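A.B. asks: The structure follows.
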Amino acid sequence: MFEGKKVRIRALEKTDIDEIMRWVNDPEVIDNLLMRYPVSRYQEEKWIERTLDESNIRHKAFALETKEGVYLGGIGLHAINWENRNAEVGIVIGKKEHWNKGYGTDAMMTMLNFAFNRINLHRVYLRVYDFNLRGIKSYERCGFKKEGVLREDLYAHGKYHDTIIMGILKNEFKKSPNDQ
Ligand SMILES: CC(C)(COP(=O)(O)OP(=O)(O)OC[C@H]1O[C@@H](n2cnc3c(N)ncnc32)[C@H](O)[C@@H]1OP(=O)(O)O)[C@@H](O)C(=O)NCCC(=O)NCCS
């Protein structure tokens, strides 16, 4: 378990499936993710099983909850590259009523601290769609810098959108978010 100021990152449990199914087909949530098709309970159970498989050293995902134990969503490191010491981070707060309360920024800071200071990664990056202003603002506060743009990478809601690549290096990581 890793504790932030407002959140706790804990091991994913098979019993989290009910909470996950509450958001995993919510268009407002998943429009921001790399998900496009409806997800069944069976598919999600399989995803949890793959995630909990300890032999899978390139993919580590966790559950996210408040310090009071209220389930918020998930966060994880994907495509972990142990030679180059980098990984892609993904985050979702599945309960919309918990957006904009600082949980995401705190969770990301906690994950970065783990990535850089516990498992010695060198660079953490993410992909975010250009319309996800909330996400971009939160990542900037965590110290992520815009590294590149995949132009017109996503087709959604009748038009193309850019995917922005943001990244942060270990020596750029500060323990508190920027006040921007
Ligand atoms: C993206 C996400 C993780 C951010 O977590 P969060 O807890 O909602 O974000 P925070 O409250 O920590 O920070 C959001 C910041 O964006 C700002 N913000 C919100 N809406 C905004 C907008 N439309 N334009 C600009 N800034 C905005 C907030 O004011 C806040 O900044 P502040 O702390 O300086 O006031 C969360 O909203 C989420 O899971 N969304 C759905 C899935 C998703 O987008 N996942 C990430 C895919 S890359």
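The values are calculated or read from the model by the stated rules, or taken from the named source; none is laboratory data. All of these numbers come straight from a predicted model, not from anything done at the bench. Ideal geometry is used to build each Cβ from the backbone, glycine not excepted, and the neighbour counts take in all protein chains shown.
A.B. asks: Which residue is farthest from Met1 (Cα to Cα), if the candidates are limited to region 107-156 and must be near the ligand (Cβ under 9 Å from one of its atoms) and in a strand (DSSP E or B)?
C.D. replies: Across region 107-156, the extreme among qualifying residues is Tyr129.
A.B. asks: Let me spell it out: the conditions are (1) touching a strand residue (DSSP E or B) at 6+ places or on another chain (Cβ under 6 Å); (2) part of a loop (DSSP other than H, G, I, E, B); (3) within 23 Å of Asp130 (Cβ to Cβ), and Ile75 meets all of them except one. Which number is the exception?
C.D. replies: If we test Ile75 against (1) touching a strand residue (DSSP E or B) at 6+ places or on another chain (Cβ under 6 Å); (2) part of a loop (DSSP other than H, G, I, E, B); (3) within 23 Å of Asp130 (Cβ to Cβ), just (2) comes out false.
A.B. asks: Quick one: in region 159-180, which of the residues that are aliphatic (A, V, I, L, M) and within 16 Å of the ligand (Cβ to nearest atom) is surrounded by the fewest Cβ atoms within 10 Å (Cβ to Cβ)? Give the steps one after another, and end with the answer.
C.D. replies: Applying the first criterion (aliphatic (A, V, I, L, M)) to region 159-180 yields 164-166, 168-169.
Add one more test, that the residue is within 16 Å of the ligand (Cβ to nearest atom), and what stays is 164-166, 168.
Details: Ile164: 21, Ile165: 17, Met166: 21, Ile168: 23.
Among those residues, the one meeting the criterion is Ile165.
A.B. asks: May I ask you to list the residues in region 64-77 that are closer than 24 Å to Ile136 by Cβ and buried (at least 20 other Cβ atoms within 10 Å of the Cβ)? Before the answer, list the steps.
C.D. replies: The initial filter retains those residues of region 64-77 that are closer than 24 Å to Ile136 by Cβ, namely 64, 66, 72-77.
Residues satisfying the conditions are Leu64, Leu72, Gly73, Gly74, Ile75, Gly76, Leu77.
A.B. asks: Taking Thr51 as the residue in question, decide whether it is part of a helix (DSSP H, G or I), closer than 17 Å to Phe114 by Cβ and out of contact with any Gly (no Cβ under 7 Å at 6 or more places or on another chain). Reasoning before the result, please.
C.D. replies: Working: part of a helix (DSSP H, G or I): yes; closer than 17 Å to Phe114 by Cβ: yes; out of contact with any Gly (no Cβ under 7 Å at 6 or more places or on another chain): yes.
Here the answer is yes, as Thr51 does meet what is asked.
A.B. asks: Let me ask something additional. Filtering region 83-97 down to residues that are surrounded by fewer than 18 Cβ atoms within 10 Å (Cβ to Cβ) and part of a loop (DSSP other than H, G, I, E, B), which residue is farthest from the ligand (Cβ to nearest atom)?
C.D. replies: Taking the candidates together, the pick is Glu83.
A.B. asks: So, one more: Restricting attention to region 15-37, which residues are more than 9 Å from the ligand (Cβ to nearest atom), in contact (Cβ under 8 Å) with a residue 12 or more places away in the chain and of a type in the set (Val, Ile, Thr)?
C.D. replies: Ile17, Ile20, Val24
A.B. asks: Does Ile80 satisfy being more than 16 Å from the ligand (Cβ to nearest atom), crowded, with 19+ Cβ neighbours inside 10 Å and not in a helix (DSSP H, G or I)?
C.D. replies: Taking the combined requirement at face value, the residue satisfies it.
A.B. asks: Considering (1) more than 12 Å from the chain's Cα centre (by Cα); (2) modelled with pLDDT of 95 or more, say which one Lys95 fails and leave the rest.
C.D. replies: Against the list (1) more than 12 Å from the chain's Cα centre (by Cα); (2) modelled with pLDDT of 95 or more, Lys95 comes up short only on (2).
A.B. asks: Would you say Asn100 is under 23 Å from Pro177 (Cβ atoms), within 16 Å of the ligand (Cβ to nearest atom) and assigned to a loop (DSSP other than H, G, I, E, B)? Show your work before the answer.
C.D. replies: Details: under 23 Å from Pro177 (Cβ atoms): yes; within 16 Å of the ligand (Cβ to nearest atom): yes; assigned to a loop (DSSP other than H, G, I, E, B): yes.
Yes: the conditions hold for Asn100.
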